[in-house]
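J.: Below is the structure I would like to discuss, written out as structure tokens.
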Amino acid sequence: MTVELISDQGIAPDARHPEESPLAIRGMTVSYGQKPVVFSVDMTVQEGSMTAIIGPNGAGKSTLLKAALGIVTPLAGQAKVFGKPLRSQRHRIAYVPQRASVDWDFPTRVIDVVLMGLYRELGLLRRVRKTHLDKATSCLERVGMADFADRQIGQLSGGQQQRVFLARALAQGADLYLLDEPFAGVDAATEKAIIAVLKGLRADGKTVVAVHHDLATVHEYFDRVFLINTRKVAEGSVAEAFTPDALDRAYGGRLATAQMDRAAS
Amino acid sequence: MSGVEFVPLSLTPLLIGVFSAVACALPGNFLLLRRQALIGDAISHVVLPGIVVAFLVTGVVTAWPTMIGAALASLVAVVMIEAVRRLGRIEPGAAMGLTFTAMFAGGVLLLEQSDTSGVHLDVEHALYGNLEALIWLDAVGWESLLDPVALAGLPDELLRIALTLVAVGVFLWVCWRPLKLSTFDEAFAQTLGMRTSWIGLALVVVAAIAAVAAFDAVGSIIVIAMFICPPAAARLMTNRLEIQITWSVVFAVLSAVLGYILAGYGPLWLGLDNAVSAAGMIATVSGLILAACALWAPCRMRSGAPAQ
């Protein structure tokens, strides 16, 4: 279906059906205290794409995702998911929060975290059956973590924790995957494993949006970018929007510093 | 000990102690994981003004007005803690400390100003409760457990704390998954459409109900200790929440039974004349269990700290 839409006289799908974009954000404004973190941002995610949200620290990347998901309440603006209000489309979304946002000392096992992704099926009281366990295990296999199913989550490395989070998102069986800094502080093997899974999702027609920091890997990993620095700076394919000029506007004079930080880490 | 002595004098205090300990320890597991353990402390302090106000309004110190006053005071406290935390931008622990000391102090002032000299209402009672006094005078032995007339004479506190324990258990059973999920990863739970703030409030309200019911029977020392010690000790025994809950129940029961026996007979074994407060001893035993777990439990060395 995606192929047909794109080949339709060269008109981008979101231009023809903006109301059916997996994620369409309009006029989103979020403020913590007095200062807006995200100001009047529009974003239209294309179906079947992999989009990187890029910008300096504190530019509102994570906040934009959280506002779109209803985790933080915006001052203004709205997000539509597949053309409908978020509330009716939650089952089509999988979210991977920042790894550091949870307490990994929490007393639970890897498999239990992945089973949380099946909450919609399990509900309050339904028993966990073998089919659920099999599903969770197969998600762990996809991220190369099946051998760790019975480990306590605190015993994992940062990269392994991130892969468990991704497995939980896979268990949700969603159409739109929103990831907050999936590559932050992970080892090279994990980065490779995660990007392979994400590209597999795209090949299946799913849509992926990730907050991303490493400017060097944007060309290799993503097909679209969204540059933000409180306001939207640029949006489009990597070729159109990921330009030195746009980066300069997003990062201001700080791009050099940002790159040095990256080299150092 | 024969049933003739044990059933009327020790069975009901023991059961009330056990039920109170478990009713507080169960929600304590989640409060601890949410770094809200101090809430138990806060609630058990703020019930004092609630009880005094209930007395001033109704003029009697009977169970229902007392419990309703205490429950309302806990709700006021919970709302105040949230308000102080958000409006004052103060960390939760400080907001709780501020709220419960202010409300407890207000309760003491009210108590001094009001004419409560004629009734049994004092700070000491609020702290230690009167576990030893909750005896079952109608019982003559084990056979009384089957005698409807004798059963009708059971202390009201026993029925109340038993019902509270059932309510706490049902709440945890039904809300297990949302509680666990929103405690571990609140943002993720919200993306599933869960009202995580309601779940958090429900947990605090259930904890408040447990605290008020237990406070009525055994005083605030047990309440404070049982919210924290058994769950904290249980966390050191295992890395799975389901098993942690089980351990916390075991430790709560153990604290109550051992504490009750030691309070009654410990001083005699040491050659002293008087028994000591059961509530105090139960809380002490729970602290000792926590200390033992901190020294020897299997999961006390954890590598759960963030990797960087």
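The values are calculated or read from the model by the stated rules, or taken from the named source; none is laboratory data. Quick caveat, the model's predicted, so the values are computed rather than measured. FYI the Cβ positions are ideal-geometry reconstructions off the backbone, even for glycines, and counts take in every protein chain you see. We work out accessible area using only protein heavy atoms, side chains counted, and drop any ligands, DNA or RNA first. Shrake-Rupley method; radii C 1.70, N 1.55, O 1.52, S 1.80 Å.
J.: Measuring from centroid to centroid over Cα atoms, what is the spacing of segment B:151-176 and segment B:184-262 in Å?
T.: Answer, in whole Å: 15.
J.: Hey, got the dipole for the protein assembly as shown? About the Cα centre, +1 on K and R Cβ, -1 on D and E Cβ, debye to the nearest 20? It would help to have the intermediate numbers written out before the result.
T.: Details: 45 positive and 48 negative charges, 353 e Å.
It comes to approximately 1700 debye.
J.: Further question on the same structure: Calculate the spin-label point distance for residue B:272 paired with residue A:245, positioning each point 7 Å from the Cα along the beta-carbon direction, and give it in nanometres.
T.: Here the modelled spin labels are 8.5 nm apart.
J.: Accessible area per residue, 1.4 Å probe, Å², for chain A: what's the number?
T.: Numbers: 11680 Å² over 265 residues.
Value returned for chain A: 44 Å² of accessible area per residue.
J.: Test of understanding: given chain B, find the longest segment containing no trypsin sites (Lys or Arg not before Pro) that are in a DSSP loop and have at most 13 other Cβ atoms within 10 Å. Kindly include the intermediate steps, with their values, before the conclusion.
T.: Numbers: sites that count: B:35, B:89, B:195, B:300.
Longest run free of exposed loop sites: B:90-194.
J.: State the antiparallel share, in %, of DSSP beta bridges confined to segment A:2-251, rounding to the nearest 5. Write down the numbers at each step before the final one.
T.: Numbers: 20 of 36 bridges.
So the antiparallel bridges in segment A:2-251 amount to around 55 percent.
J.: Now for a different question. Compute the FRET efficiency between residue B:174 and residue B:246 as 1/(1 + (r/R0)^6), taking r as their Cβ-Cβ distance and R0 = 25 Å, and round to the nearest 0.05.
T.: On the way: r = 18 Å, r/R0 = 0.72.
That pair, residue B:174 with residue B:246, gives E of 0.85.
J.: Shielding of A:157-165 by partners, i.e. mean partner chain Cβ atoms within 10 Å per residue? Write out the running numbers ahead of the final one.
T.: Working: counts 2, 3, 1, 1, 2, 0, 0, 0, 2.
Partner Cβ neighbours, averaged per residue: 1.
J.: Keeping all protein chains in place, calculate the accessible area per residue for chain B (probe 1.4 angstrom), answer in Å². List each step's numbers first, then the result.
T.: Details: 14040 Å² over 308 residues.
Roughly 46 Å² per residue, with all protein chains present.
J.: Let me ask you something else. Pop a pseudo-label 7 angstrom from the Cα along the beta-carbon direction at both residue B:135 and residue B:195 and give the gap in nm to one decimal.
T.: Spacing of the two 7 Å Cα→Cβ label points: 4.9 nm.
J.: With all protein chains present, how much of the accessible area of segment B:201-274 (probe radius 1.4 Å) comes from carbon and sulfur, to the nearest whole percent? Let's see the in-between values first.
T.: Numbers: 1980 of 2590 Å².
Carbon and sulfur atoms account for 76 percent of the accessible area of segment B:201-274.
J.: Can you list the residues in segment A:55-73 whose accessible area drops by at least 40 Å² when all protein chains are present, compared with the chain alone? Use a 1.4 Å probe, heavy atoms only.
T.: A:71
J.: Going by a 1.4 Å probe on protein heavy atoms, which residues of segment A:90-109 end up with at least 10 Å² less accessible surface in the whole assembly than in their chain alone?
T.: Relative to the lone chain, where solvent access is computed with a 1.4 Å probe, segment A:90-109 loses at least 10 Å² at A:90, A:95, A:97, A:99, A:102, A:103, A:104, A:105, A:106, A:107, A:108, A:109.
J.: Need the list of aspartates and glutamates near residue A:192 for cross-linking: C-alpha distance under 12 angstrom, and skip anything on the same chain fewer than eight residues off.
T.: A:220
J.: Further question on the same structure: Could you tally the net charge around residue A:180, taking each other residue with its Cβ under 13 Å from the Cβ of residue A:180, Lys/Arg +1 and Asp/Glu -1? Don't skip to the answer; put the middle values down first.
T.: Values: positive: A:61, A:66, A:99; negative: A:181, B:185.
Charge balance near residue A:180 sits at +1.
J.: Based on the Cβ-Cβ distance from residue B:145 to residue B:60, what FRET efficiency comes out when R0 is 35 Å, to the nearest 0.05?
T.: On the way: r = 32 Å, r/R0 = 0.90.
Given R0 = 35 Å and the Cβ-Cβ separation, E is 0.65.
J.: May I pose another question? For chain B, return all DSSP H helices satisfying: extent of Cα atoms along own axis at least 15 Å; mean Kyte-Doolittle hydropathy at least 0.5. Don't jump to the answer; show the numbers that get you there.
T.: Numbers: long enough: B:12-33 (32 Å, 1.83); B:38-58 (30 Å, 1.99); B:63-87 (35 Å, 1.40); B:92-113 (31 Å, 1.11); B:156-174 (27 Å, 1.75); B:196-218 (32 Å, 2.11); B:220-235 (23 Å, 1.76); B:241-269 (40 Å, 1.41); B:278-296 (27 Å, 1.93).
Correct list, ordered by number: B:12-33, B:38-58, B:63-87, B:92-113, B:156-174, B:196-218, B:220-235, B:241-269, B:278-296.
J.: Cα axis of helix A:188-203 to longest principal axis of chain A: angle in degrees, 0 to 90, nearest 10?
T.: 80
J.: Okay, next question. In the neighborhood of residue B:67, defined by Cβ-to-Cβ distances under 15 Å, what is the net charge if each Lys or Arg adds +1 and each Asp or Glu adds -1? Can you show the working numbers first?
T.: Values: positive: B:160; negative: B:156, B:157, B:216.
Counting the neighbours of residue B:67, the net charge comes to -2.
J.: State the extension gain, in nm to one decimal, for the chain segment bounded by residue B:94 and residue B:109, taking 0.36 nm per residue of separation less the distance between their alpha-carbons. Don't skip to the answer; put the middle values down first.
T.: Values: separation 15, 0.36 × 15 = 5.40 nm, distance 2.25 nm.
Stretched fully, the residue B:94-residue B:109 segment lengthens by 3.2 nm.
J.: Using only helices, what value at 222 nm comes out for the protein assembly as shown when you add -39,500 (n - 2.57) per DSSP H run of length 4 or more and divide by the total residues, to the nearest 500 deg cm²/dmol? The partial results should precede the final answer.
T.: Values: 27 runs with 326 residues, N = 573.
Mean residue ellipticity, 222 nm, calculated: -17500 deg cm²/dmol.
J.: Ok, one more. Considering the dipole of chain B built from charges on the beta carbon (Lys and Arg +1, Asp and Glu -1) around the Cα centre, which of B:43, B:260, B:193 is farthest to its positive end?
T.: B:193
J.: State, in square angstrom and to the nearest 100, the accessible area buried between chains B and A, both chains counted, probe radius 1.4 Å. Mind dumping the intermediate values first?
T.: Numbers: alone 15590 and 13090 Å², together 25720 Å².
Answer for the B-A pair: about 3000 Å² buried.
J.: In nm, to one decimal, how far is the residue B:35 label point from the residue B:300 one, both placed 7 Å along Cα→Cβ?
T.: With each label point 7 Å from Cα toward Cβ, the separation is 2.4 nm.
J.: I want the local charge near residue B:157. Using Cβ-Cβ distances under 13 Å, sum +1 for each Lys or Arg and -1 for each Asp or Glu among the other residues. Don't skip to the answer; put the middle values down first.
T.: Numbers: positive: B:160; negative: B:132, B:156, B:216.
Charge balance near residue B:157 sits at -2.
J.: Let me check against my output: what whole-number percent is the relative contact order of segment B:138-222, with C-alpha pairs under 8 Å and at least 6 apart? Present the calculation step by step, with values, prior to reporting the outcome.
T.: Values: 43 pairs, mean separation 23.1, N = 85.
For segment B:138-222, the relative contact order is 27 percent.
J.: So, with +1 on the Cβ of K and R and -1 on the Cβ of D and E, and no other charges, what is the size of the charge dipole of segment B:3-220 about its Cα centre, to the nearest 20 debye? Can you show the working numbers first?
T.: Numbers: 9 positive and 17 negative charges, 254 e Å.
The dipole of segment B:3-220 has a size of about 1220 debye.
J.: Let me ask another. Roughly speaking, what is the centre-to-centre gap between segment B:59-98 and segment B:17-37 when only Cα atoms are used, to the nearest Å?
T.: The two parts, judged by their Cα centres, are 18 Å apart.
J.: Looking at segment A:87-137, which trypsin sites (Lys or Arg not before Pro) are DSSP coil and have at most 15 other C-beta atoms within 10 Å of their C-beta? Walk me through the numbers before you get to the answer.
T.: On the way: sites: A:87, A:90, A:92, A:99, A:109, A:120, A:126, A:127, A:129, A:130, A:135; in loops: A:126, A:127, A:129.
Answer by residue number: A:126, A:127, A:129.
J.: With the full set of protein chains in place, find how many percent of the accessible area of segment A:2-251 is carbon and sulfur; take the probe as 1.4 Å. Write out the running numbers ahead of the final one.
T.: Numbers: 5180 of 10440 Å².
Ligands and nucleic acids excluded, carbon and sulfur give 50 percent.
J.: Explain nothing, just the number: relative contact order of chain B, from Cα pairs under 8 Å at least 6 residues apart, as a whole percent. Don't skip to the end; give the middle numbers.
T.: Numbers: 465 pairs, mean separation 89.4, N = 308.
That works out to 29 percent.
J.: Please report the relative contact order for segment A:2-251, taking Cα pairs under 8 Å with a sequence separation of at least 6, and give it as a percent rounded to a whole number.
T.: On the way: 464 pairs, mean separation 63.1, N = 250.
With pairs under 8 Å counted, the relative contact order is 25 percent.
J.: Along the charge dipole of chain A, Cβ charges K/R +1 and D/E -1, which of A:79, A:158, A:133 sits furthest on the positive end?
T.: A:133
J.: Here is a further query. For the protein assembly as shown, with the dipole built from +1 on Lys and Arg beta-carbon atoms and -1 on Asp and Glu ones, taken about the Cα centre, which of A:149, B:20, A:171 lies farthest toward the positive end?
T.: Among A:149, B:20, A:171, the one farthest towards the positive end of the dipole of the protein assembly as shown is A:171.
J.: Report the charge-dipole magnitude of chain A in Debye, nearest 20, computed about the Cα centre from +1 at each Lys and Arg Cβ and -1 at each Asp and Glu Cβ.
T.: On the way: 32 positive and 29 negative charges, 185 e Å.
With Lys and Arg at +1 and Asp and Glu at -1, about 880 debye.
J.: Okay, next question. Are there any residues in segment B:233-255 with a reduction of at least 30 Å² in accessible surface when going from the isolated chain to the assembly of protein chains? Probe 1.4 Å, please list them by number.
T.: Checking the loss per residue gives B:235, B:239, B:240.
J.: Going by amide H atoms built from the backbone, whose H comes under 5 Å of the H on residue A:235, apart from near neighbours?
T.: So residue A:235 has HN proximity to A:227.
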